[in-house]
Amino acid sequence: MNSPRRQSAWRRPGSRALIAAIGISLALPSAASAASTSGISAAGISTATTKTAATNTAAALANANAADAGTKPGSAAPGLASQAPAPGPALVPAGASGLSQSSYTVTLPTGDKVALTRDTSGGYQASALPGTTSRITFSDLGKSAAQADVSAYPDSAMGYVQAHLLDRQAFDVTWLAAHGDTGANARIPLTLHYGGTSSAAVLSAEAGKLAGAKVLHTDAGTGDVDLSVNAADAGAFWTALTGGTANVAAAAAAATAHARPAFTGGVTGAWLTDHKAAASAVPTDVPASIVTWTITKKKGEADFCAPFAYLQGIQAATSCPYYPTLVALTGAAAGQDFIPTAYTCLDTNPCTTYSLTFDAPSGVYLAEDMGAQFYSHGLQQIVDEVAPQIVVSGDTAVSTDLDAAAKYSVDAPRSAVDLTHYINTTRPGPDGVYYAIEMPDDSGQDNIWTTPTAPVTIGSFHQSTFWLRGQAPLSAAVTGPSKVTLHPYYPTYNNLNAGEPSFQRFAGTTTAQVVNVGTGTAADFAKVDVHGRLVLMRRASGSLWIDAKQLAAALQAGAAGVLIDPRDDDPATLPVVPVKPSWWWTKTAPVSIPFATITPDDAAALTALLGKGPATVSVTDHGNSPYFYNLAFNEERQIPTTLHFSVDDSRLAQRTTAFHSTKPATMEEVESIVHPDDYFQLSFPSVFAPAPSTVQQYYGPVAPDLIWMRGARLSTDNSVPLVVAHTVFDAPGKGTEDWFAAPRSVGAPSTPANVEQTGLPIGRLGNPTCAFCRLGDTFYPLTYLVDGANPALIDGPYIFPASATHFYQNGVELPAQQPNGIPVYQLSDQPATDRLTVDESNLHSDWTFTSRRPQADGLPQPFGCVGVLLGQSDPCGADPLIQLRYNAFTDASDAVTADARHRIEITPYSMVDPSKPIAVTSMKVWISVDGGGTWTERAVSCSSTGTFDIDYRVPALSKTDGAVSVKVQAADAAGNSVTQTLTDTYSLTAG
């Protein structure tokens with residue numbers, strides 16, 4: 001299966017998902033379960049947040065204050081410099097519920113690493129880090145009001161889990177993170193069980209042989225040995241424990257010999273110490289029934305199935321299971337899932353029908369195996385095997401006919417190919433138990449199939465797919481002696497992800513003779529001259545990747561590029577399209593030679609052609625796509641027999657999207673679509689583009705009830721928070737969007753009205769925290785970064801260092817108090833003249849206003865108050881500070897031209913309703929082009945919408961400091977006022 005190197009998702013608290021992918025996002029729970037799933041968030045925070053969550057949040061904010069005081073804040077969140085278009089205020093991201101740090105690195109027992117990174121909604125995105133040995137599956141299941149745990153299963157360990165040698169909770173990422181087993185110096189607590197009878201000394205000695213293991217306790221009576229495994233040595237430990245069969249290729253070889261997985265040294269079981277899954281949570285007096293799920297595929301190519309083959313000796317089959325599970329929606333087992341007790345092939349050579357049996361008590365169930373596969377023309381086909389409603393009241397049989405499966409396909413107006421896509425199935429039960437599973441494909445190559453179903457009558461059932469389509473990155477063809485179209489694939493459609501080892505693309509068009517070099521050994525290259533030519537190369541037998549040494553040999557021999565033949569000499573090793581480079585899993589350096597994978601049929605045809613004489617191939621890289629289709633389709637209650645979708649411009653919202661940056665950078669955008677019936681939303685990397693740049697994006701089909709949750713960052717470093725926008729594309733037509741546009745100021749984001757009108761629970765999205773608000777008599781100086789070009793962006797919440805803020809009441813400065821490690825101000829319960837100043841870096845702001853104790857909660861939707869985190873229960877309200885939003889209409893480089901006339905638009909607003917301008921009685925604006933040395937007042941005109949337009953002229957570049965500064969004074973009829981200065985806030989160019 002082609003697995004994304006990193007995949008992310010947002011999860012509604014308490015949901016369950018099995019994602020054959022690399023990532024989910026979760027509002028990680030505290031040690032105590034929240035009493036409610038309703039949520040607000042600066043921080044993905046439940047309104048019924050526990051004391052533990054509040055304490056952890058306070059700790060995160062205390063880290064920011066430690067940084068201000070010059071002390072080391074541990075793993076405090078990074079500053080803003082990596083996001084701001086120009087040097088900005090030294091804001092620090094505020095904390096999040098459950099876990100306090102901005103990011104965690106959790107090492108699994110296999111040595112694979114998972115990153116947990118906080119986003120601006122306060123949730124944590126989980127993603128597999130480079131160097132994973134295989135695809136990682138994330139899973140989560142629970143009830144709506146229950147704490148849910150998230151696990152990350154590497155494929156290399158799945159055989160051991162299925163054989164009940166390795167406890168499923170050994171990959172509980174949330175437990176490991178909460179337990180403190182994170183970072184480079186983490187130690188993983190593991191218990192090994194040894195079969196037979198041995199003394200404590202013998203057991204300790206045997207366990208001590210395992211790399212990286214420190215023996216803590218040995219119980220000869222039970223045969224259990226408690227270990228502490230150094231995270232840095234976990235990979236070596238896993239290899240030693242498995243006898244070297246931890247990697248996917250070796251596991252497949254073991255399967256070929258029909259060998260059951262086994263640990264070395266007599267180990268017959270392993271689990272996280274003090275965190276072992278119970279054998280069954282079903283009461284012992286509840287009778288179990290046998291559920292038999294029979295899956296048939298009479299048509300299809302013979303396929304080798306691993307890792308399940310060695311459990312029942314299935315060698316070849318026309319379809320292969322991935323991770324079948326039976327999920328209880330009602331009954332005594334509600335909220336639990338069951339793995340098969342047996343796999344049975346009902347015929348042979350090849351196996352066209354197999355059955356899976358489960359032991360389960362009475363209730364309503366879903367049977368699901370998303371990620372099952374079959375092959376067509378040597379290419380992998382992913383199929384969602386699903387039986388959405390199984391009523392068990394005794395022994396029960398259900399069947400699935402994969403020959404009746406329908407394939408998803410999509411048409412759009414402009415020439416486009418699939419760049420990435422995912423399928424999501426959600427099954428809520430009638431009593432709050434729900435289950436979801438999502439499968440992505442980052443290459444666009446995997447075809448997605450699913451089996452038609454009857455409508456459910458108990459609970460609901462929903463299936464959705466997302467498609468990112470764009471210009472093909474690459475094309476190729478044999479140009480002589482005959483013309484044959486080839487189908488090349490890069491490892492992923494982009495190589496812009498600077499946060500991970502990447503790959504070399506072809507440059508323009510390369511036309512050259514092709515030379516077959518086999519697997520690219522030294523002996524292979526010694527036989528031929530490849531200088532200036534393309535080489536056709538196979539991966540080494542049994543390997544799932546192209547090794548760096550193979551590509552390095554081609555580069556050293558002077559090859560112009562590599563076309564990878566995905567076939568293998570060993571028929572037990574399936575073709576892999578596209579083939580990935582080994583440095584995505586190993587520590588070897590990337591090799592700077594362009595390469596791409598062609599399909600098995602293409603490889604066979606090209607090999608045959610080369611057997612007759614020379615052949616020439618032309619390969620063309622088409623660059624980064626100038627347009628992208630973002631398409632979401634939904635099915636309700638059942639899966640129909642036809643799954644072909646077609647859209648035209650009358651059903652699409654077009655946006656000219658500018659990604660601003662003052663210097664060359666990489667922009668990564670992720671997306672998640674929230675549907676009324678979704679309980680889980682996968683968020684995945686979608687658009688990658690250089691920044692600064694402008695692309696055309698199409699969203700649809702337009703719908704009034706779909707919220708598109710989009711996040712973007714100017715660096716693909718996971719430690720940089722995502723800037724998020726919630727958008728409803730409810731009408732076709734054209735528009736513009738700007739991301740990261742200067743000038744940026746502090747204030748509150750504005751949620752579009754149509755997002756609220758969907759009626760969807762916005763808490764799923766991570767509600768923003770009120771900016772500069774008062775809870776009882778406590779004033780919280782939290783804020784966001786906002787700009788006028790796209791006021792709906794949610795970038796924050798942030799806090800200033802305590803030294804940068806000052807609060808005065810009736811002219812007397814109040815001390816900043818930090819009862820929970822958060823700088824706050826305790827105000828008088830009597831009306832007073834209040835003044836807040838912020839003076840940090842290129843931002844100076846001075847507000848005067850009248851703060852009053854709120855008599856009732858009065859925050860606009862969807863905002864919440866951060867004081868709730870700290871256990872306060874007083875009413876929370878928005879103080880009437882005049883905030884300013886700026887739009888300077890800069891280009892994508894955040895610049896305007898010198899020696900020219902320009903315009904800046906300023907919108908005054910308040911936290912009372914950030915979506916609307918407020919009326920002010922005065923507005924004065926000054927412009928400086930010498931860093932604030934001299935100021936020129938400009939005329940101000942008020943538009944009918946309540947915004948203010950300012951025209952100004954910039955002199956020749958030589959007469960400036962290369963940037964524009966803006967100073968504003970504004971006041972309203974109630975006596976509230978603001979003076980704000982943004983120094984060198986956007987650039988000047990010669991033009």
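The values are calculated or read from the model by the stated rules, or taken from the named source; none is laboratory data. Since this is a predicted model, take the numbers as computed values, not measurements. Here Cβ is always computed from backbone atoms with ideal geometry, including for glycine, and neighbour counts include all displayed protein chains.
Summary of values
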| item | result |
| --- | --- |
| Condition check for Ala589: part of a loop (DSSP other than H, G, I, E, B), in the same structural domain as His487 (by TED's automatic domain parsing) and in contact (Cβ under 8 Å) with a residue 24 or more places away in the chain | yes |
| Qualifying residues in the stretch 590-608 (those that are of a type in the set (Gly, Ala, Ser) and within 22 Å of Asn495 (Cβ to Cβ)) - the one nearest to the chain's Cα centre (by Cα) | Ala596 |
| Members of the stretch 785-810 found to be of a type in the set (Phe, Trp, Tyr) and modelled with pLDDT under 90, listed by number | Tyr798, Phe800 |
| Number of the exception - Gln830 against (1) in contact (Cβ under 8 Å) with a residue 12 or more places away in the chain; (2) not in a strand (DSSP E or B) | (1) |
| Extreme residue, nearest to Ala689 (Cα to Cα), among residues of the stretch 583-620 that are surrounded by fewer than 23 Cβ atoms within 10 Å (Cβ to Cβ) and among the polar types (S, T, N, Q) | Thr620 |
| Residue within the stretch 913-921 that is over 30 Å from Ala856 (Cβ atoms) and crowded, with 16+ Cβ neighbours inside 10 Å present | no |
| Residue ID - modelled with the lowest pLDDT, chosen from residues in the stretch 621-638 that are more than 22 Å from Ser409 (Cα to Cα) and surrounded by 17 or more Cβ atoms within 10 Å (Cβ to Cβ) | Asn624 |
| Restricting the stretch 879-899 to residues that are outside any loop (DSSP other than H, G, I, E, B) and touching a Ser or Thr at 6+ places or on another chain (Cβ under 7 Å), the residue that is surrounded by the most Cβ atoms within 10 Å (Cβ to Cβ) | Gln883 |
| Single unsatisfied condition, Ala691 versus (1) crowded, with 19+ Cβ neighbours inside 10 Å; (2) at pLDDT 85 or above; (3) more than 24 Å from Pro626 (Cβ to Cβ) | (3) |
| Failed criterion for Ala372 (all others in (1) surrounded by 21 or more Cβ atoms within 10 Å (Cβ to Cβ); (2) closer than 25 Å to Asn630 by Cβ; (3) in contact with a helix residue (DSSP H, G or I) (Cβ under 9 Å, 6 or more places away or on another chain) hold) | (2) |
| Qualifying residue in the stretch 678-693 (condition: in contact (Cβ under 8 Å) with a residue 60 or more places away in the chain and touching a Gly at 6+ places or on another chain (Cβ under 6 Å)) | no |
| Where Ser475 falls short, out of the listed (1) at pLDDT 90 or above; (2) surrounded by 21 or more Cβ atoms within 10 Å (Cβ to Cβ) | (2) |
| Filter result for Ser803 (under 23 Å from Asp874 (Cβ atoms), touching a residue at least 40 places away in the same chain (Cβ under 8 Å) and surrounded by fewer than 24 Cβ atoms within 10 Å (Cβ to Cβ)) | no |
| Residue list for the stretch 806-827, filter: buried (at least 17 other Cβ atoms within 10 Å of the Cβ) and assigned to a loop (DSSP other than H, G, I, E, B) | Ala816, Asn820, Gly821, Ile822, Pro823, Leu827 |
| Residue identified as more than 28 Å from the chain's Cα centre (by Cα), in a strand (DSSP E or B), among the aliphatic types (A, V, I, L, M) and more than 30 Å from Leu468 (Cβ to Cβ) among Leu356, Leu326 | Leu356 |
| Ala632 under 21 Å from Thr450 (Cβ atoms), of a type in the set (Gly, Ala, Ser) and in a strand (DSSP E or B) | yes |
| Hey, Leu474 under 18 Å from Pro581 (Cβ atoms), among the aliphatic types (A, V, I, L, M) and out of contact with any Gly (no Cβ under 8 Å at 6 or more places or on another chain) or not | yes |
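Residues are listed down the side, and each one gets a yes or a no for (1) assigned by TED's automatic domain parsing to the domain that holds Pro491; (2) touching a helix residue (DSSP H, G or I) at 6+ places or on another chain (Cβ under 7 Å); (3) of a type outside the set (A, V, I, L, M):
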| residue | (1), (2), (3) |
| --- | --- |
| Met537 | yes, yes, no |
| Gly542 | yes, yes, yes |
| Trp545 | yes, yes, yes |
| Ala548 | yes, yes, no |
| Ala552 | yes, no, no |
| Gln556 | yes, no, yes |
| Ala560 | yes, no, no |
| Pro566 | yes, yes, yes |
| Asp570 | yes, no, yes |
